[in-house]
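Please read the structure below before turning to the comments.
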Amino acid sequence: MSERVPGDGVSTSQGSPPPRPNGGSAQPALRALGLVKRFVGGDGRELHILEGIDLTLGRGEAIAITGESGSGKSTLLHLLGALDRPTAGEVVIGDREVAGLADEELAELRNRHIGFIFQFHHLLREFTALENVMMPALIAGSTFAESEARAIELLRDVGLAERASHKPRQLSGGEQQRIAVARALVNDPVVLLADEPSGNLDTETSGRLHDLLFDLRHSRGLSFVVVTHNLDLAARADRTLVLKGGRLHPHTEV
């Protein structure tokens with residue numbers, strides 16, 4: 001049975017997300033309202049990338065966004081994660097409106113409330129797996145003991161507790177990406193944003209990473225948006241949307 005989701009005009013028929021955290025609050029994890037993004041090209045002409053994006057991510061919901069290369073998927077994710085500012089429109093993370101925040105406030109919002117996973121893990125090569133996972137918590141002001149305990153718990157959750165003292169060069173590509181997942185979750189973010197998280201992995205390793213993401217989604221009530229070309233990953237989300245012509249469409253309509 002299809003369910004209408006307020007605010008984005010897109011239906012889903014892939015089952016209910018896990019129970020919402022925070023006492024079942026109906027407040028969405030993330031909302032995008034009328035997002036527009038335009039750039040001025042090298043020839044001085046204005047490039048229209050996004051044209052009025054509306055999106056609501058419910059608590060505990062997983063949304064996949066697909067589309068052709070160059071359609072603006074990563075640009076959209078950067079706006080949702082407050083890595084960039086829109087030309088027009090608004091993003092709300094939990095109960096925090098992004099517009100009007102100073103750069104320092106945006107950095108704090110990203111660190112405390114948003115978890116990022118990218119195609120390339122971006123681990124710090126000189127630090128161990130444990131230290132890499134601890135880093136965002138330390139930056140957020142947690143004590144060393146608190147950060148270490150949280151990081152150890154997450155390394156256990158991603159199946160890499162025994163690799164805590166290893167540096168990135170001593171880990172496989174799949175292990176490095178699982179460390180990146182743990183790092184993204186160390187501050188218990190309101191929303192997780194993933195940009196082609198398995199795009200640099202082989203098919204078997206990708207499958208294991210997808211299993212991990214959805215296991216963590218159910219065990220921790222994660223709310224996340226994933227940009228992907230991987231149709232198997234997209235099919236596991238509650239909703240799959242296609243970015244085309246600067247707008248989001250249900251995948252059944254494209």
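The numbers here are math on the coordinates, done by the rules we state, and not lab data. Because the structure is predicted, anything quoted here is derived from the model rather than measured. Backbone-built Cβ (ideal geometry, glycine too); neighbour counts: all protein chains shown.
Descriptive notes on the structure:
- Each of I49, A234, A99 was scored by the projection of its Cα onto the charge dipole of the chain, and the greatest displacement toward the positive side belongs to A234; charges sit on the C-beta of Lys, Arg, Asp and Glu.
- Helix-only CD estimate at 222 nm, as mean residue ellipticity for the chain, using -39500 (n - 2.57) per DSSP H run (n ≥ 4): -10000 deg cm²/dmol
- Principal-axis tilt of helix 144-157 within the chain, Cα atoms, nearest 10 degrees: 80
- Gyration tensor (alpha-carbon) shape descriptor, the range 66-156, a/c threshold 1.5: oblate
- Formal net charge of residues neighbouring N200 (Cβ-Cβ distance under 15 Å; K, R +1; D, E -1): -3
- Tensor-based shape of the range 107-235 (alpha-carbon gyration tensor, a/c under 1.5 rounded, otherwise prolate or oblate): oblate
- Size of the chain: Rg and Dmax of its alpha carbons, in Å, are 17.9, 54.
- Exposure proxy for T87, T143: other Cβ atoms within 10 Å of each Cβ, ordered fewest to most, give T143, T87.
- Taking label points 7 Å from Cα along the Cα-to-Cβ direction, L231 and D211 give a separation of 2.3 nm.
- Between the Cα long axis of helix 173-185 and the first principal axis of the chain there is an angle of about 80°, rounded to the nearest 10.
- Antiparallel bridge percentage (DSSP; both residues within the chain; nearest 5): 60
- Magnitude of the charge dipole, the range 17-172, Cβ model with Lys/Arg +1 and Asp/Glu -1, debye to 20: 340
- Cα-based reach from K37 at 30 Å (exclusive), listing lysines while leaving out same-chain residues under 8 positions away: K73, K244
- Residue-count net charge about K167 - beta-carbon cut-off 11 Å; Lys, Arg +1, Asp, Glu -1: +1
- Under 13 Å, Cβ to Cβ, from L185 - net charge with Lys/Arg +1 and Asp/Glu -1: +3
- Cα gyration tensor shape for the range 204-249, rounded if a/c is under 1.5, else prolate or oblate: oblate
- GNM flexibility winner over the chain from R220, R45, R156 (Cα, springs under 10 Å): R45
- Under Karplus coefficients 6.51, -1.76 and 1.60, residue-wise ³J(HN,Hα) of the range 73-88 in Hz, glycine/proline x: 4, 5, 4, 4, 4, 5, 5, 4, x, 6, 7, 8, 9, x, 5, 8
- Angle of helix 103-113 to the longest C-alpha principal axis of the chain, folded into 0 to 90 degrees and rounded to 10: 70°.
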